[in-house]
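The values are calculated or read from the model by the stated rules, or taken from the named source; none is laboratory data. Please read all numbers here as calculations on a predicted model, not as lab measurements. Ideal geometry is used to build each Cβ from the backbone, glycine not excepted, and the neighbour counts take in all protein chains shown. Heads up: the accessible areas ignore ligands, DNA and RNA and are worked out on the full protein's heavy atoms, side chains in. Shrake-Rupley method; radii C 1.70, N 1.55, O 1.52, S 1.80 Å.
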Amino acid sequence: MASRIPLRKIVIAGALGAVAIVLGATRIGFIPWVLGPGFELTVMAVPVIIGAVLEGPVVGLAVGAIFGAFSMIQDTSGLFKNPLTALLPRMLVGVVAWLAYLPFAKRLPRVGAAVAGVAGSLTNTVLVLGSLALLYPKAVSLDLAVKVGFTNGFMEAAIAAVLTVAVVALWLGIEKKGGKARLADEEK
Amino acid sequence: MKDLQFFANVSIGQYIDSGSFVHRLTPVTKFFGILVFFIVMFANTNVTGTTLLGLWVLAAALAARVNPLFLLRGIKPAMPFLLILSVLTLIFQSGTTGVALVSIGPLSIHLSTLLALLLLFSRFAAVLAAIGLLTSVTAEQEIAHGIEDFFAPLGRFGFPSHEFSLMIAVALRFVPIVTGELESIVKAQASRGGDFGASGINPIRKARSYLPLFVPLIIRTLERAELLVEAMEARCYTGDERTRYTTYEMVAGEGFVRLGLTLFMAGGVVFGLYFAKTLP
């Protein structure tokens, strides 16, 4: 019996998962903004979205799971120790991003990547803040969630779209020219 | 642009071979231990529970003959962040009710605020120590096998436990690689005059300044992943019916360790949810 999931998908999911871990651990994945510490803009969803767009929903789901699990481990506030706030929303990010990319995949991959970036990032914002407001109304009131959602959510969506388009366009371009082994040449 | 070396102080991921009883346990038991830790931590949200849990980790570290101070070394790079967070907590929570311990002008420090800060620090230290302990008693190969064995029972329901463990193994192996790439990209862009620490409040400008960092990072990671895929396929990796070079036998007394962990988990959850409500 051959493996059910192609090796390529497994390895790319692992590699992008590592990017999510590094972005979180070094705090490079957080862009400081006006609202101050704790309300930084986050681009942590971008590796998940890129995985979903390039390799499909299973990879999106898996990278989201790594990102979610790592945020559970790293969390010190207690809010993200719950799989319902940390794990599930991040796993759905990949699936939603892939669904958003699907209609554009053949003809307009650039537009599709932008739409996937926006959809994936907004999924992250809405589900994470929504689950926080539902499960921990004392720490995160609905008012606060909506405020943060509006101020950060759209900004993050725009940033995610820019980054996703940049990476996806470049990567697909590289694939078309058949010049994938640039790194291999470099290391000879 | 001060932090070009990201992982200088991290104790997570370093295997320390002291050959203790804890080291000789099967990887499944070690993973069960860390799972128990997170479940108990989730059930205990106050200072008492977290402190007891921290003491449990300390005891495990001593049993494994790993220096607890080594495990806590990783707290150093996080200190500035934690300190800023504490100062903000002190300022913004100064208006809460209760008896003030100290009052300076409009600011007053309450017992509840101090306890909240203590909780923040003890939680951070406990998580760091627990993860550090797991990686210092489990070799890298064992981590991958442990994850596979741990999720193997789910295979009956169609869960791809081998694929999952391979993905985790790749992710763990890629963390230092991605970190290295990130360092060299940051240095390369900084030497060209790139400025990622750009202050100001225009988020679009900030996002654009992150482009030269993000795009190469992800593209180079994808390229490395493709290389790995090619290398594995060239060696006819298929993933099914694999045998292992290493097998894990349960050591004497391991059954008691598992039983003890189960009891600790049950006790910790009951303590956190029912008895610790009235404690600070």
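Once you average over the residues of B:172-185, how many Cβ atoms of partner chains fall within 10 Å of each Cβ? It would help to have the intermediate numbers written out before the result.
Details: counts 5, 3, 9, 6, 2, 3, 10, 5, 1, 2, 5, 1, 0, 0.
Per-residue shielding by partner chains comes out at 4.
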Distance between modelled label sites at B:Leu55 and B:Leu261, nm, 7 Å Cα→Cβ extension: 2.2
Relative contact order %, segment A:37-149, counting alpha carbon pairs below 8 Å whose residues are six or more apart: 25
Cross-link table A:Lys106/B:Lys187; A:Lys106/A:Lys147; A:Lys81/B:Lys76; A:Lys9/B:Lys76; A:Lys147/B:Lys187, entries beyond 30 Å C-alpha to C-alpha: A:Lys106/B:Lys187; A:Lys106/A:Lys147; A:Lys9/B:Lys76; A:Lys147/B:Lys187
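Contour minus end-to-end for B:Thr48 and B:Tyr237, with contour as 0.36 nm per residue of separation and end-to-end as the Cα-Cα distance? The partial results should precede the final answer.
Details: separation 189, 0.36 × 189 = 68.04 nm, distance 4.98 nm.
Extending this stretch completely gives an extra 63.1 nm.
Would you work out the relative contact order for segment B:141-245, in percent, from Cα pairs under 8 angstrom that are 6 or more residues apart? Can you show the working numbers first?
Working: 39 pairs, mean separation 23.1, N = 105.
Taking the mean separation of contacting Cα pairs over the length of segment B:141-245, I get 22 percent.
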Area accessible to solvent at A:Ser71, 1.4 Å probe radius, in Å²: 20
Net charge, A:Thr125 excluded, C-beta distance under 15 Å - Lys, Arg +1, Asp, Glu -1: 0
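Pick out, in residue order, every one of the trypsin sites (Lys or Arg not before Pro) in segment A:85-117 that is DSSP loop and has at most 16 other C-beta atoms within 10 Å; say none if there are none. Intermediate values should be presented prior to the final figure.
On the way: sites: A:Arg90, A:Lys106, A:Arg107, A:Arg110; in loops: A:Lys106, A:Arg107.
In loop regions of segment A:85-117 (DSSP not H, G, I, E or B), the sparsely surrounded trypsin sites (Lys or Arg not before Pro) are A:Lys106, A:Arg107.
Could you compute the FRET efficiency for B:Ile75 and B:Leu35, with r as their C-beta to C-beta distance and R0 at 22 Å, rounded to 0.05? Each step should come with its number before you reach the end.
Numbers: r = 23 Å, r/R0 = 1.05.
Once the sixth-power term is evaluated, E becomes 0.45.
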Estimated distance in nm for a label pair at B:Tyr15 and A:Glu40, the labels positioned 7 Å out from Cα along Cα-to-Cβ: 3.2
Accessible surface, 1.4 Å probe, highest first, among residues A:Glu40, B:Glu181: A:Glu40, B:Glu181
Label-point separation in nm, A:Leu170 to A:Val146, each point 7 Å along Cα→Cβ: 4.0
